[in-house]
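The values are calculated or read from the model by the stated rules, or taken from the named source; none is laboratory data. Predicted model, so just to flag it, every value in this text is computed and none were measured. Note: ideal-geometry Cβ built from the backbone for every residue, glycine included; neighbour counts use all protein chains shown. Note: accessible area is taken over every heavy atom of the protein model, side chains too, but ligands, DNA and RNA are not part of it. Shrake-Rupley method; radii C 1.70, N 1.55, O 1.52, S 1.80 Å.
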Amino acid sequence: MGEATLAMVPSGFLWKRTLLQRGMIAAAIFLAGSISFVPRIAAQGPLALAAARNASNAPARPKLVVLLVVDQMRGDYVDKFLGQWTGGLKRLVEEGAWFRDAAYPYAATETCVGHATISTGAFPATHGMVANAWWDRKDQKMVTCTADPDPNVKNIGYAGATPQGADTAWRMAVPSFAEELKFQTSGATRIVTFSLKARAAITMAGHKADAATWFDGGAWVTSSPYGTLPFIEEQAKSHPAKADFGKTWSLSLPESAYWYGEKALGAVPPGGWDLTFPHALRGKSGVGEPDPDFYNHWASSPYADTALTELAEKTVDALNLGKAAGTDFLAVSYSTVDYVGHAFGPRSREIQDILVRLDKDLGTLFAHLDAKVGRGNYVVALTADHGVVPVPEDMQRTGADAGLLHLPELQKRIEKALEAFKYPKPAVASVSGSDIYFAPSVYDKLQHDPAAMQAVLDAALEQPGVAAVYRAEELRDRPATQSLMHRAFAYGYFPGRSGDLFILPKPYWLLDGTPLGTPRAYGTGHGVPYNYDQHVPVLLMGFGIQPGQYFQPITPADIAPTFAALCGITLSSRDGHVLADALMKPRSFFSRPRTAAAQAAKTNP
Ligand SMILES: [Zn+2]
């Protein structure tokens with residue numbers, strides 16, 4: 001940067017001066033640059049100004065890093081509904097940096113994968129969280145991405161709850177940004193995360209944290225590697241989810257404001273709800289005590305988003321986030337948009353309304369952060385873990401090719417194709433999303449049996465909705481390829497965990513694992529390498545961020561490296577990149593100084 005500054009001084013000016021004088025000239029120009037930098041910061045408030053003044057002694061750092069993930073928020077929701085927002089989502093667009101062409105580059109656009117990518121700045125080929133759940137070849141069973149087999153690890157319930165299981169980040173192969181921040185800055189960082197989902201709260205936090213809290217069976221839950229905090233216990237006791245029993249979710253805007261009809265075509269609402277507003281939170285029975293259906297209703301309603309927002313605000317107050325020596329980390333993953341989207345689809349009044357409510361909640365959260373941490377002292381990123389495809393029956397109305405790629409039927413076809421080749425039965429151990437896993441030793445044998453392999457590939461390609469099949473050996477070590485689809489599967493390939501074969505569906509074909517003869521229990525889904533699943537919002541706001549709209553293609557893996565740059569730390573992976581265009585820079589470092597003081601410094605040293 002110093003060289004860039006001196007290069008602006010007229011040529012032939014410096015060479016006669018002593019080194020000391022050169023230093024003074026550089027300092028004068030640096031100060032001039034600082035002066036031109038101040039007015040932009042001043043617009044953000046007195047605390048930011050103080051931070052800018054302190055920057056001359058030590059590099060300024062944000063006091064708090066806030067990560068917000070909206071589960072299943074499509075990138076185009078911002079374009080479509082921005083005009084109806086008045087709160088936090090609107091503020092992020094207007095005061096922040098809006099990356100309009102952000103998309104995951106890999107195929108497995110699922111919750112655990114997306115959150116681990118956001119949190120680590122790495123792709124699944126690096127962080128190893130290849131799906132929400134995968135086939136464990138050693139134990140010959142499905143495992144979730146957070147299931148921890150260590151007998152010493154246990155889930156812990158707040159407010160007297162006794163949850164099952166043991167969930168941690170032990171399968172995440174690299175540390176999160178938050179862990180690195182704490183480790184590299186001598187432990188001064190407090191790390192607190194919340195979500196309705198374990199796979200979101202845990203991956204955002206990392207392997208250890210001051211608190212990582214999720215919602216399970218009506219209770220707030222954590223596990224033994226994470227701490228429990230008294231204020232979460234207090235909140236769990238005083239405002240449990242069941243306190244919302246009997247409330248009703250009604251439309252919050254005039255009916256004419258909604259883009260779509262009253263009933264979303266092909267939608268499958270949660271048990272006990274129908275396709276029309278209002279939606280009452282009363283469980284299946286409609287009377288009496290909260291039942292599992294009530295908790296599904298609650299998790300699919302604006303009340304769950306509000307509960308997470310309240311927990312985030314309580315954290316700021318109870319821990320005095322942003323007031324200690326280090327940079328603190330607070331993350332919230334809002335799960336409700338995902339539950340609503342799976343049930344009602346992206347073209348529904350429910351999706352539009354839940355975003356109006358979330359916009360208000362985020363407005364409240366940012367106002368709280370302004371008051372307690374100081375406007376300009378914190379940096380916030382909002383993104384999503386994946387998008388979603390329209391409900392197939394709805395898409396078919398356009399006349400376009402769309403449908404359900406039925407995975408149990410695909411599995412049957414492959415078994416049948418191998419009958420002629422005398423393979424052990426069943427030859428297929430599991431079909432999970434795009435990944436096909438063969439029984440032990442079957443795939444090794446297939447690799448040396450071209451006729452049988454071809455029969456398997458032909459059988460898979462005959463299944464309606466299949467566009468292509470990739471083999472594991474084509475994906476190892478990220479081979480160079482011009483095919484975005486081939487690359488997408490390679491970016492998600494983690495040896496040992498990923499499947500043996502990988503199914504690419506045709507566009508608008510939904511991978512459907514519903515068992516034969518069972519009605520589909522959801523409206524739509526996600527998890528493939530098409531833009532409707534890959535394209536998500538990336539919005540940054542606050543400390544160090546240059547507001548504006550940015551159109552270069554980026555990925556959500558770029559968020560963690562950008563946070564790392566603002567905090568002066570290094571992450572292990574270079575899958576993601578610093579979003580340099582959206583970072584504020586003292587102008588004089590990079591271009592001709594424009595203020596009168598800067599001109600004076602340049603011409604009269
Ligand atoms: Zn998700």
- Expressed as a rounded percentage, what relative contact order does segment 220-313 have, with Cα pairs under 8 Å and six or more residues apart? 27 percent
- Note on the structure: Note on segment 236-285: alpha-carbon gyration tensor, axes a ≥ b ≥ c; rule is a/c under 1.5 for rounded, else prolate if a/b larger than b/c, else oblate; result oblate
- Taking N as the number of residues in segment 108-183, what is its alpha-carbon radius of gyration divided by 2.2 N^0.38 Å? 1.20
- Task: Determine, for each peptide in 399-407, 184-192, the mean count of other beta carbons within 10 angstrom over its residues, then list the peptides with the highest first.
- Result: 184-192, 399-407
- Round to the nearest 10 and give me the degree value, 0 to 90, for the angle of helix 349-369's Cα axis relative to the longest principal axis of the chain. 30 degrees
- Item | Estimated FRET transfer efficiency when R0 is 45 angstrom, pair residue 481-residue 289 (beta carbons, to 0.05) | 0.20
- Item | Spin-label model distance (nm) - residue 136 vs residue 207, 7 Å beyond Cα toward Cβ | 1.9 nm
- Task: Would you kindly give the portion of the calculated P(r) for segment 67-225 that falls above 28 Å, as a percent of all Cα pairs?
- Result: 28 percent
- Query: Cα gyration tensor of segment 195-353, axes a ≥ b ≥ c as square roots of the eigenvalues: rounded (a/c below 1.5), prolate (a/b > b/c) or oblate?
  - Reply: prolate
- Query: By how many nm would the segment from residue 577 to residue 233 lengthen if fully extended, with 0.36 nm per residue of separation less the alpha-carbon distance?
  - Reply: 120.0 nm
- Query: Taking the simple approach of a point 7 Å from Cα along Cα-to-Cβ for both residue 251 and residue 518, what is their distance in nm?
  - Reply: 3.5 nm
- Task: About the Cα centre of the chain, how large is the charge dipole given +1 on each Lys and Arg Cβ and -1 on each Asp and Glu Cβ? Please answer in debye to the nearest 20.
- Result: 2260 debye
- Only Cα pairs under 8 Å and at least 6 apart count here; give the relative contact order of segment 100-156 as a rounded whole percent. 24 percent
- Task: Just the number, please: carbon plus sulfur as a percent of the accessible area of segment 266-331, 1.4 Å probe, no ligands or DNA/RNA counted.
- Result: 51 percent
- Note on the structure: For the chain, the Debye formula with one identical point scatterer on each Cα and no solvent gives log10 I(q)/I(0) at q = 0.11, 0.12, 0.13 Å⁻¹ as -1.06, -1.22, -1.39
- Message: Going by Cα centres, segment 162-186 and segment 471-492 are how many Å apart?
- Response: 28 Å
- If a cysteine in the chain has no other Cys Cβ under 4.7 Å from its own Cβ, put it on the list, ordered by number. 567
- Query: Any idea how far the Cα center of segment 359-430 sits from the one of segment 190-258, in Å?
  - Reply: 21 Å
- Could you calculate the FRET efficiency of residue 318 with residue 506 from 1/(1 + (r/R0)^6), where r is the beta carbon distance between them and R0 is 56 Å, rounded to 0.05? 0.65
- Would you work out the relative contact order for the chain, in percent, from Cα pairs under 8 angstrom that are 6 or more residues apart? 27 percent
- Helical contribution to [θ] at 222 nm, DSSP H n ≥ 4, -39,500 (n - 2.57), averaged over the chain, rounded to 500: -10000 deg cm²/dmol
- Task: Calculate the tail of P(r) for segment 408-452: the fraction of all Cα-Cα distances greater than 17 Å, expressed in %.
- Result: 25 percent
- Listed peptides 329-340, 534-545 by packing density, highest first (mean Cβ within 10 Å): 329-340, 534-545
- Note on the structure: Taking Cα atoms only, helix 407-418 is inclined relative to the longest principal axis of the chain by an angle, in degrees rounded to 10, of 60 degrees
- Query: Shape call for segment 285-353 from the C-alpha gyration tensor, a ≥ b ≥ c root eigenvalues: rounded (a/c under 1.5), prolate (a/b greater than b/c) or oblate?
  - Reply: oblate
- Order these peptides, 139-145, 110-116, 370-376, by their mean beta-carbon neighbour count within 10 angstrom, highest first. 110-116, 370-376, 139-145
- Equivalent-ellipsoid semi-axes of segment 154-200, from the Cα gyration tensor, Å, largest first: 25, 14, 10
- Message: I'd like the distance between the alpha-carbon centres of segment 527-587 and segment 285-328, rounded to an integer number of Å.
- Response: 27 Å
- Message: Set the bar at 32 Å for Cα to Cα. Now go through 182/314; 154/314; 63/90; 63/360; 138/242 and name every pair that lies beyond it.
- Response: 138/242
- Query: With axes computed from alpha carbons, what is the tilt in degrees of helix 19-42 against the longest principal axis of the chain, rounded to the nearest 10 within 0 to 90?
  - Reply: 60 degrees
- Determine the share of segment 423-522's accessible area contributed by carbon and sulfur atoms, expressed in whole percent, with a 1.4 angstrom probe. 55 percent
